[in-house]
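The values are calculated or read from the model by the stated rules, or taken from the named source; none is laboratory data. It should be emphasised that the depicted structure is a prediction, and the values quoted were computed from it without experimental measurement. Glycine also receives a Cβ, built like all others from the backbone with ideal geometry; neighbour counts cover every protein chain displayed. Note: accessible area is taken over every heavy atom of the protein model, side chains too, but ligands, DNA and RNA are not part of it. Shrake-Rupley method; radii C 1.70, N 1.55, O 1.52, S 1.80 Å.
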Amino acid sequence: MTGRPTSKKKPFPTRSQVVIIGGGVIGCSVAYHLTKLGWRDVVLLERTQLTAGTTWHAAGLIVSGFTDETEIHMAKYTRDLYEGLSQETGQETGFKAVGYLQIAANRERLDGLRRRADYCRKYDVPTEEISAAEVKEMWPLFNTDDIVAGFYTPNDGRVNPVDTTMALAKGARMRGARIFQDTKVTGIKQVAGRVTGVVTDQGEIEADYVVNCTGMWARELGKMAGVNVPLHAAEHYYLITEPIDGLGRDMPIVEDPDLFAYYRDEMDGLMLGLFEPVAKPWGMDGIPETFSFGEIQPDWERMTPHLERAIKRIPIVQGIGVKKFFCGPESFTPDMGPLMGEAPELRNFYVAAGFNSLGILFGGGAGQIIAQWIVDGYPSVDVSGIDIARMAPFENNPRYLHDRTVELLGWQYTSWPNLQPETARNARRSAMHDRLAALGAYFGSSVGWEYPDWFAPEGVEPKVEFSWGRQNWFEFAAAEHKAAREDVILMDLTHMGKYLVQGRDAEEVLNRICAANVAVPVGRIVYTQWLNERGTIEADMTVTRLAEDCYLLVLVDSIQTHIENWLARHIPSDAHVFVTDVSSGYNIINIHGPKSRQLMSGLTSADMSNQAFPYLTMQEIDMGYALVKALRVTYVGELGWELYVPTEFTLHVFDMLMEAGTEVALKPAGFQVLNTLRIEKAYRDYGYDVDNTDTPLEAGLGFAVDFDKPGGFIGRDALLRQKEEGVLQHRLVQFLLEDPDPLLYGSEPIYRDGEWVGELRSGGYGYTLGGAVGLGMVRNEAGVTGEYVRSGAYEIEVSSVRYPARASLRPMYDPKGERVRS
């Protein structure tokens, strides 16, 4: 398996428009797609031979079963590309549409796979539910006694990874790309925060763009450039048997999530692959430079229990010889999302790595997205789950990556609502953590932060029993939800990102970046979005004016790196503006509910009345010995305050609140309830309901845009054109199921008058409204007007059953916003 070197040595370049580093399937795909978009001056450098890293030993599975729009796009595009690539290049890919079969061996798995199938069918991925008997017909040697159903996608299949990569490389060469093997990159050149080229053992190349496609070496290459690429290698196994009588060829690929295994025929034998739930990290001291077409000595003792479990699906294997037990490394990221896009630390340095053993499956689509991103300067798809800028710097720490990697392989087959990582936890905590744990908190994790997700009653262990139905905490959350609507709750939101923007030019600079007008009096809170030149949303936050020359920005933690980068690139070099991350300096305690004023009034000398402390204002108030920034704002649709407490005073203030709270039935509440409360009020959540492909008008956030403010704002012209055209082809709509029993989690298809018009982006249970609620994008080429929304009969598909639903452009809970302003 070698890269077929050219017969005549090519002169080594000293200049190229773009240099791609890494000759696996991703690097070759990026080169192929850049040349397809018309870029001819493309150089690809490979340290040894094409495919020599992890591409060569991939299983070659090509499947499309995803419930994320970007992932299903990448998978579907890849499948279609590989099917036709040989006709274009003359190089076979080995693509065979043998079909793809997922097994449900219990009712809970059946529910999850039905939901996935519902979503896939709407994106032209035909997925059919079949019986255990039909599974047996496809795989006669399977033990099907425990199988409830199967889900069959006939168009999916498999490829030869090496041949596919060679086809992409050939296609790139045919359009002018130059590929150099046996070329080691030893350095990345940069000037003033912009990449300018690469240093290799063959010489230096000046370049306008550099793309890191080095797979499990991407972290090390990133360090050369001062770029964080958090991924870690792990052992990954598959077993190939000797020939098996009765096992056919070109049989459907099978995945059995409950056995953490996949199966496909390999010649006349069986390939059995494993994604064991407890994996073994590899390469902790770095990946050896000499590792080329390499294998790892398999650990039979560790893997035998996993093999024995997987073989139960096809018992005949117990008596068949082993032809090969292969162990090779694959790299994984802390949240199991790819790492793609322009590095926030270095302009024009792009990354396409960390595909979590799905590099072949996503390869075509990933190359297309990155190439388009480079050529256009912006991504063409929702990048919430793939943009490398979502990662925090600490996530590149070696120990963090090592510890998290242990559970990541098993995540490929673990798909439950509210699933939380179990490893690399309990290091990033608010000052209240132990107090909240003593109150029964079950903690989730977000960018390393521990946050209360829900609270168990006294005497009940805070532990999740996973399912797609009502999980064991459902009634606990109902009590928290009720307290928010009727009494008062306390929430820990410390994990939110917090920045001070200071300086005499702070107002002018922020007013250019914000779509809303932040030239407001001191003490005012402004809800705003940040837009790009296309008018779509880059960020969503509150901006509070603390002083004439000082603003406080509060935003979701997952976009902090992106925000820092956006500010750095949009603050003029001669502006008197300074940005400080104060996220660790303040703990956030949210006090919300009808009795919040009563509670707060007893703990401060400040006047908390509506007249003295109106909605969307901030005051610094005394609470015991502490000075606290109190922001009268809400994300739950009730009267209340966000309290920004200096970290050292947090427990002092927390204890005061809890003690006084006994008089007003104060109840601690977690993020499950934050989600259900905000969806009832139709508040948007950036990264879920709204992303970088939406404009504020489409997202129902036009009220937060000031078209007339002096100086305008980034994206104004594009957004104004959309407004003047008067046609919005998709809009965010709130839905409420009429049947109180089904649950919504997001991704459920939306039907209007029997026709599919979109899918939910988020979902939860509306305890106050009496049924599951969700926010979803409704699409219509002729325009989604108020009349269009009101005149249709809607249904939401949940586990292949359609349920009638109400639809509204206005919040169904407190549509006039009277409760938050009272």
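Relative to the 2.2 N^0.38 Å rule of thumb, the range 256-325 has a C-alpha radius of gyration ratio of 1.28.
Of the options [x] 309; [y] 506; [z] 163, only one is volume of the Cα convex hull per residue in Å³ as computed from these coordinates, and that is [z]. Loop-located trypsin sites (Lys or Arg not before Pro) in the range 246-337 (DSSP state not H, G, I, E or B) with no more than 10 neighbouring Cβ atoms inside 10 Å: Arg249. For Val42, the amide hydrogen comes within under 5 Å of the amide hydrogens of Arg178, counting only partners 5 or more places away or on other chains and with H modelled in the peptide plane.
Relative contact order for the chain: 11 percent, from Cα pairs under 8 Å spaced at least 6 residues apart, divided by residue count.
Here's the picture: a label point sits 7 Å out from the Cα of Phe703 along the beta-carbon direction, and within the range 531-563 the residues with their amide nitrogen under 18 Å of it are 540-543.
Among Ala52, Ser29, Thr70, whose Cα sits farthest toward the positive end of the charge dipole of the range 24-71 (+1 at Cβ of Lys/Arg, -1 at Cβ of Asp/Glu, about the Cα centre)? Working it through, the farthest residue towards the positive pole turns out to be Ala52. Couplings 3J(HN,Hα) for the range 658-664, derived from phi with the Karplus relation 6.51 cos²θ - 1.76 cosθ + 1.60 (θ = phi - 60°), are 5, 5, 5, x, 4, 7, 10 Hz, where x marks Gly and Pro. Taking 0.36 nm per residue of sequence separation and removing the Cα-Cα distance, the Lys136/Phe12 pair yields an extension gain of 39.0 nm.
If I compute solvent accessible area with a 1.4 Å probe over the protein chains, what percent of it on the chain is carbon and sulfur?
On the way: 14930 of 30760 Å².
Solvent-exposed carbon and sulfur of the chain make up 49 percent of the total.
Say the dipole of the range 664-760 comes from +1 at the beta carbon of Lys and Arg and -1 at that of Asp and Glu; which of Leu736, Tyr751, Gly687 then lies farthest toward its positive end? My answer, from the dipole projection, is Gly687. Think of the range 172-294 as a dipole: +1 on every Lys or Arg Cβ, -1 on every Asp or Glu Cβ, centred on the Cα centre; then among Gly193, Pro277, Val254, Gly193 lies furthest on the positive end. How many angstrom lie between the Cα centre of the range 77-137 and the Cα centre of the range 491-546? Cα centroid to Cα centroid, the span is 44 Å. Entry note, the range 264-330: relative contact order of 39 percent, from Cα contacts under 8 Å with a spacing of 6+ residues.
Counted by Cβ distance under 14 Å from Gly602, the other residues give a net charge of -2, where Lys and Arg count +1 and Asp and Glu count -1.
Based on the inverse mean of 1/r over its pairs of different Cα atoms, what is the Kirkwood hydrodynamic radius of the range 1-109, in Å? Radius from the Kirkwood sum: 16.7 Å. Taking the longest Cα principal axis of the chain as reference, the axis of helix 359-376 is set at about 60 degrees. Could you state the angle between the C-alpha long axis of helix 398-411 and the longest principal axis of the C-alpha atoms of the chain, as a value from 0 to 90 degrees rounded to the nearest 10? The helix 398-411 is inclined about 70 degrees to the chain. How big is the gap, in Å, between the Cα center of the range 635-705 and the Cα center of the range 782-797? First find each Cα centre; the distance between them is then 29 Å. Within the range 367-406, what residues put their amide N at less than 12 Å from the label point 7 Å along the Cα-to-Cβ vector of Asp299? Answer for this model: 406.
Think of each Lys and Arg Cβ as +1 and each Asp and Glu Cβ as -1; about the Cα centre, that makes the dipole of the chain roughly 1560 debye. The peptide list 602-613, 625-636, put in order of mean Cβ contacts within 10 Å with the highest first, becomes 625-636, 602-613. Couplings 3J(HN,Hα) for the range 183-191, derived from phi with the Karplus relation 6.51 cos²θ - 1.76 cosθ + 1.60 (θ = phi - 60°), are 10, 9, 7, 10, x, 10, 8, 8, 9 Hz, where x marks Gly and Pro. Across all Cα atoms of the range 185-229, the radius of gyration (one decimal) and Dmax (whole number) stand at 10.0, 28 Å. Amide H contacts for Asp453 (H built 1.01 Å from N in the peptide plane; partners 5 or more residues away or on another chain; cut-off under 5 Å): Tyr442, Phe443, Gly444, Phe671.
The order of the peptides 351-357, 504-510, 217-223 by mean Cβ neighbours within 10 Å, most packed first, is 351-357, 217-223, 504-510.
Keeping every protein chain present and rolling a 1.4 Å probe, give me the accessible area per residue for the chain in Å². Spell out each step's value before the answer.
Numbers: 30760 Å² over 822 residues.
Normalised by residue count, the accessible surface of the chain is 37 Å².
Along the range 724-734 the Karplus relation, 6.51 cos²θ - 1.76 cosθ + 1.60 evaluated at θ = phi - 60°, assigns HN-Hα couplings of 5, 5, x, 10, 10, 7, 8, 9, 7, 10, 8 Hz to successive residues, with x for each Gly and Pro. Counting charges near Thr93 (Lys, Arg +1; Asp, Glu -1) among other residues having Cβ under 13 Å from its Cβ returns a value of -1.
Given R₀ = 45 Å, what would the calculated FRET efficiency be for Asp258 paired with Gln91, taking r from the Cβ atoms and rounding to 0.05?
On the way: r = 38 Å, r/R0 = 0.85.
With a Förster radius of 45 Å, E is 0.70.
Protection proxy ranking of 808-818, 525-535, by the mean of other Cβ atoms within 10 Å over each peptide's residues and highest first, is 525-535, 808-818.
Stretching the chain fully between Glu818 and Ala782 yields a gain of 9.5 nm (0.36 nm per residue, less the alpha carbon separation).
For the range 281-437, rounded, prolate or oblate, judged on the Cα gyration tensor with a ≥ b ≥ c (square roots of eigenvalues), a/c < 1.5 rounded, else prolate if a/b > b/c? Mind showing how you got there, number by number?
Values: a/c = 1.86, a/b = 1.30, b/c = 1.43.
Taking the square roots of the gyration eigenvalues as a ≥ b ≥ c, the range 281-437 is oblate.
Could you please state, rounded to a whole Å, how far the C-alpha centre of the range 249-287 is from the C-alpha centre of the range 714-745? Cα centres, the range 249-287 to the range 714-745: 41 Å.
For n ≥ 4 DSSP H runs only, could you compute -39500 (n - 2.57) per run for the chain, divide by its residues and tell me the 222 nm figure to the nearest 500?
-7500 deg cm²/dmol
Placing dummy labels 7 Å off each Cα toward the beta-carbon, the span from Arg524 to Glu422 is 5.2 nm.
Between 0 and 90 degrees, the angle of helix 671-680 with respect to the longest Cα principal axis of the chain falls at about 70 degrees.
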